[in-house]
Amino acid sequence: DVDALRTQLTLAGYQHVTQVVSPGEYSVRGGLIDLFPMGSALPFRIELFDDEIETLRSFDVDSQRTVYPVPEIRLLPAREFPLDEAGRTRFRGRFRETFEGDPSRSPIYKDVSNGIAPAGIEYYLPLFFEKTALVFDYLPQDTVLCLHRDVPGAIREFWADTASRYKLLGGDRSRPLLPPQELFLSDEQFFVAAAVLGRLTLPAGDAEPDAPAAPLPDIAVERRADDPLQKLKAFAAGFTGRILLLAESPGRRETLLQYFAEYGLQPAHCADFAAFTTSADKLMLSVAPLSAGFLLPGSDLAIVTENELYAATARPRGRKADARRASLEGWLRDLTELKIGDPVVHESHGIGRYHGLVHLDLGEGETEFLHLEYAGEDKLYVPVSQLHLISRYSGAEAELVELHKLGTDRWDRAKRRAAQQVRDTAAELLALYARRAARQGHAFSFREHDLEAFADGFGFEETPDQAAAIAAVIGDMKSGKPMDRLVCGDVGFGKTEVALRAAFAAVMDGKQVAVLAPTTLLAEQHFNTFSDRFADWPVKTVELSRFRSAKEQTQALQDLAAGKADIAIGTHRLLQKDVKFARLGLVVIDEEHRFGVRQKEALKALRAEIDVLTLTATPIPRTLGLSL
């Protein structure tokens, strides 16, 4: 019953709005009910079929797109007090008892009487109840309060601010205020109420010699050293107590276990802190999201996190997962990408032309709509909340596009034809991929530690897309199937770093790398970059181009054939018949579409068994088609 639900939500303190954006709001639009419960990370959308619930889904506030289905919605009240008739009656009676003068002149009194919760109503909370509770009333008897730094000073400062504000604003007869002692505890009342609970007080300022915790010494991993864990081992040898190492996640724990084992360190597995305190093992490894380690001198315990082990390269924590994930979501969902007159595609009605935003009032307040025009000057108004049904038209030129007519089946026929073509193409691709998957490539293997040490030479932090591309390429190289991957990115967006990581993985497994560039200048640029990044590693890089003398090129060819050179960088000269590789494992091609037909045939032959990585800043259809 939609009307009963609206009444119930209003009594629970929820506010009716045209578009839900924050907790404590709801919206009813025809057969759609949007609802943002208190304490929920996402709002929910209830779709009705007449008076039955058809779907329950969460949705994104910014795009207004549904995200995933949910089995149920659990609701908390939006307020800490009831706004039903009994609650309002109690408020009015207590208001008249507490404040002098005519209550009907107070906007707070009038709003609550009408069932509205105005801003700041929380400061009148005691008027809704005979007696209010303290936070201590909700805590179990065995609770331990951790009082951090100067709590009494903070309470005194809070009371000074509150008293001055009350003095400044308390004279307004139309908005009378409750005195602070009716709302808050003084420092004496706080400590009297807290006396029945256990307390742990942490000192103010930095840790001192007699403080309960002390900082750890420098135990950072030295990636370039023969034994990267030498500092940690020295600390463990000189420390008389026991050490708990903490990984950020179960996956990182397994990686650290493998890494430690390589260098002769074998910490015991630890399920939790209780297991650590009762175990006899000196060095243990567990999982916990702790930001920093410390020493507990009194109990001879040391807690070490990854931030101490990787102090030089530790990344800031707490990033949203979405920021780390390279995703195509949202590319087409931003109205700022549309101009007046642009053709757009509606999922149900086909191709129309976008004519801007309009505000219409359909009886529930003004709402924003997209104004779309179809053939025959038909108009369609799409609510902004249904933006997920609209996408940009990506076919012919915008001016030449033919609009669909509303109410015909032309759009449905076009969708059926496209679906049939997709099925045909999918069948061809499936056959092609089956043939390719049957071939065996080389499964590259190398130490992750070495790759991380090489990555330290990158002077920047990877962007989410760059990190995703690197992970995908390395994953391909480890898979044992011939890699054929295209990396697209504008100039200066970091494609070369992806190639450098792939080249490093190949060289560390004893394979040679060929880097093909369409121009001599680009080949020289790549040679300088590769030489610089591999300067600290036992890797030999050679160049084959017009910038090198005949003698240098002859020597380079001999080194490649004998396996003495690891990376060869050059123009199409690398594809000539006199170039022989002893153990070629990876080919990196920069801007493939700029090579000629004969070079392309040679590259196709390479693709049969060797991993191929193509880089481009201009992914023209031919390049994309070839990579597919």
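If you go through segment 235-248 one residue at a time, do you hit one that is farther than 13 Å from LEU285 by Cβ and in contact with a helix residue (DSSP H, G or I) (Cβ under 9 Å, 6 or more places away or on another chain)? Break it down into steps so the answer makes sense when it comes.
Here is the first cut: in segment 235-248, the residues farther than 13 Å from LEU285 by Cβ are 235, 237-241.
From the residues that got through so far, the ones that are in contact with a helix residue (DSSP H, G or I) (Cβ under 9 Å, 6 or more places away or on another chain) too are 241.
Checked segment 235-248: at least one residue is farther than 13 Å from LEU285 by Cβ and in contact with a helix residue (DSSP H, G or I) (Cβ under 9 Å, 6 or more places away or on another chain).
Might you let me know whether segment 494-502 holds any residue that is part of a helix (DSSP H, G or I), touching a residue at least 40 places away in the same chain (Cβ under 8 Å), over 22 Å from TRP537 (Cβ atoms) and open to solvent by less than 40 Å² (accessible area, probe 1.4 Å)?
No; the residues of segment 494-502 include none that is part of a helix (DSSP H, G or I), touching a residue at least 40 places away in the same chain (Cβ under 8 Å), over 22 Å from TRP537 (Cβ atoms) and open to solvent by less than 40 Å² (accessible area, probe 1.4 Å).
Criterion first (loosely packed, with under 12 Cβ neighbours inside 10 Å and free of Cβ contacts under 8 Å to residues at least 60 places away in the same chain) does GLY251 satisfy it? Reasoning before the result, please.
Values: loosely packed, with under 12 Cβ neighbours inside 10 Å: yes; free of Cβ contacts under 8 Å to residues at least 60 places away in the same chain: yes.
Criteria met by GLY251.
Under 7 Å by Cβ, and 6 or more places apart or on different chains, what pairs join a residue from segment 172-199 that is part of a helix (DSSP H, G or I) with one that is among the small types (Gly, Ala, Ser) and at pLDDT 85 or above?
Taking only residues 6 or more apart or on different chains, the pairs are PRO180/ALA163.
If you go through segment 219-234, how many residues are open to solvent by 30 Å² or more (accessible area, probe 1.4 Å), under 27 Å from ALA274 (Cα atoms) and touching a residue at least 40 places away in the same chain (Cβ under 8 Å)?
Result for segment 219-234: 0.
So that you can scan it fast, the table gives a plain yes or no per residue for (1) under 30 Å from ILE610 (Cβ atoms); (2) touching a residue at least 24 places away in the same chain (Cβ under 8 Å); (3) not in a loop (DSSP other than H, G, I, E, B):
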site	(1), (2), (3)
GLY376	no, yes, yes
LYS379	no, no, yes
HIS388	no, yes, yes
SER391	no, yes, yes
GLU402	no, yes, no
ARG417	no, no, yes
GLN421	no, no, yes
HIS442	yes, yes, no
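Looking only at segment 84-126, count every residue that is part of a loop (DSSP other than H, G, I, E, B), free of Cβ contacts under 8 Å to residues at least 24 places away in the same chain and closer than 20 Å to GLY24 by Cα and tell me the total.
Matching residues across segment 84-126 total 5.
If I go through segment 235-267 residue by residue, how many of them are under 14 Å from VAL304 (Cα atoms), hydrophobic (A, V, I, L, M, F, W, C) and over 31 Å from the mean Cα position of the chain (by Cα)?
4
Under 26 Å from ALA535 (Cα atoms), open to solvent by less than 50 Å² (accessible area, probe 1.4 Å) and at pLDDT 80 or above: which single residue out of ALA418, ALA467, ALA471, ALA414 fits that description? Spell out how you get there, then give the answer.
Values: ALA418 fails: under 26 Å from ALA535 (Cα atoms); ALA471 fails: open to solvent by less than 50 Å² (accessible area, probe 1.4 Å); ALA414 fails: under 26 Å from ALA535 (Cα atoms).
After ruling out the rest, the residue left standing is ALA467.
Evaluate segment 429-437: report whether one residue or more is among the aromatic types (Phe, Trp, Tyr), assigned to a helix (DSSP H, G or I) and loosely packed, with under 14 Cβ neighbours inside 10 Å.
Keep residues of segment 429-437 that are among the aromatic types (Phe, Trp, Tyr), which gives 433.
If we keep only those that are assigned to a helix (DSSP H, G or I) as well, we get 433.
Within this subset, residues satisfying the condition of being loosely packed, with under 14 Cβ neighbours inside 10 Å are 433.
Yes, that holds for at least one residue.
Considering segment 374-404 alone, what residues qualify as being surrounded by 14 or more Cβ atoms within 10 Å (Cβ to Cβ) and more than 35 Å from the chain's Cα centre (by Cα)?
Matches in segment 374-404: TYR374, ALA375, ASP378, LEU380, VAL401, LEU403, HIS404.
Only one of ALA602, ALA568, ALA582, ALA562 is within 25 Å of SER479 (Cβ to Cβ), at pLDDT 80 or above and more than 40 Å from the chain's Cα centre (by Cα). Can you tell me which? Reasoning before the result, please.
Details: ALA602 fails: at pLDDT 80 or above; ALA568 fails: more than 40 Å from the chain's Cα centre (by Cα); ALA562 fails: within 25 Å of SER479 (Cβ to Cβ).
Of ALA602, ALA568, ALA582, ALA562, the one residue that is within 25 Å of SER479 (Cβ to Cβ), at pLDDT 80 or above and more than 40 Å from the chain's Cα centre (by Cα) is ALA582.
Please verify whether PHE81 is open to solvent by less than 70 Å² (accessible area, probe 1.4 Å), touching a residue at least 24 places away in the same chain (Cβ under 8 Å) and in contact with a Phe, Trp or Tyr (Cβ under 7 Å, 6 or more places away or on another chain), treating the condition exactly as stated.
On the way: open to solvent by less than 70 Å² (accessible area, probe 1.4 Å): yes; touching a residue at least 24 places away in the same chain (Cβ under 8 Å): yes; in contact with a Phe, Trp or Tyr (Cβ under 7 Å, 6 or more places away or on another chain): yes.
It is true that PHE81 is open to solvent by less than 70 Å² (accessible area, probe 1.4 Å), touching a residue at least 24 places away in the same chain (Cβ under 8 Å) and in contact with a Phe, Trp or Tyr (Cβ under 7 Å, 6 or more places away or on another chain).
Whether any residue in segment 140-154 is open to solvent by less than 50 Å² (accessible area, probe 1.4 Å), within 30 Å of PHE95 (Cβ to Cβ) and either touching a residue at least 24 places away in the same chain (Cβ under 8 Å) or not polar (S, T, N, Q) (or both) is what I want to check.
Keep residues of segment 140-154 that are open to solvent by less than 50 Å² (accessible area, probe 1.4 Å), which gives 143, 145, 147, 151-153.
Checking which are within 30 Å of PHE95 (Cβ to Cβ) leaves us with none.
There is no residue in segment 140-154 that is open to solvent by less than 50 Å² (accessible area, probe 1.4 Å), within 30 Å of PHE95 (Cβ to Cβ) and either touching a residue at least 24 places away in the same chain (Cβ under 8 Å) or not polar (S, T, N, Q) (or both).
Every residue, every condition in (1) assigned to a loop (DSSP other than H, G, I, E, B); (2) at pLDDT below 90; (3) buried (at least 19 other Cβ atoms within 10 Å of the Cβ); (4) within 23 Å of the chain's Cα centre (by Cα), yes or no:
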{"residue": "LEU35", "(1), (2), (3), (4)": "no, no, yes, no"}
{"residue": "ALA41", "(1), (2), (3), (4)": "yes, yes, no, yes"}
{"residue": "GLU47", "(1), (2), (3), (4)": "no, no, no, no"}
{"residue": "ILE53", "(1), (2), (3), (4)": "no, no, no, no"}
{"residue": "GLN64", "(1), (2), (3), (4)": "yes, yes, yes, yes"}
{"residue": "VAL67", "(1), (2), (3), (4)": "no, yes, no, yes"}
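Checking HIS359 against (1) at pLDDT below 85; (2) out of contact with any Leu (no Cβ under 8 Å at 6 or more places or on another chain); (3) assigned to a strand (DSSP E or B), which single condition isn't satisfied?
(1)
The values are calculated or read from the model by the stated rules, or taken from the named source; none is laboratory data. Note that this is a predicted model, so its numbers are computed, not measured. We place every Cβ from the backbone using ideal geometry, glycine too, and count neighbours over all the protein chains shown. Note: areas computed on protein heavy atoms with side chains; ligands, DNA, RNA excluded. Shrake-Rupley method; radii C 1.70, N 1.55, O 1.52, S 1.80 Å.
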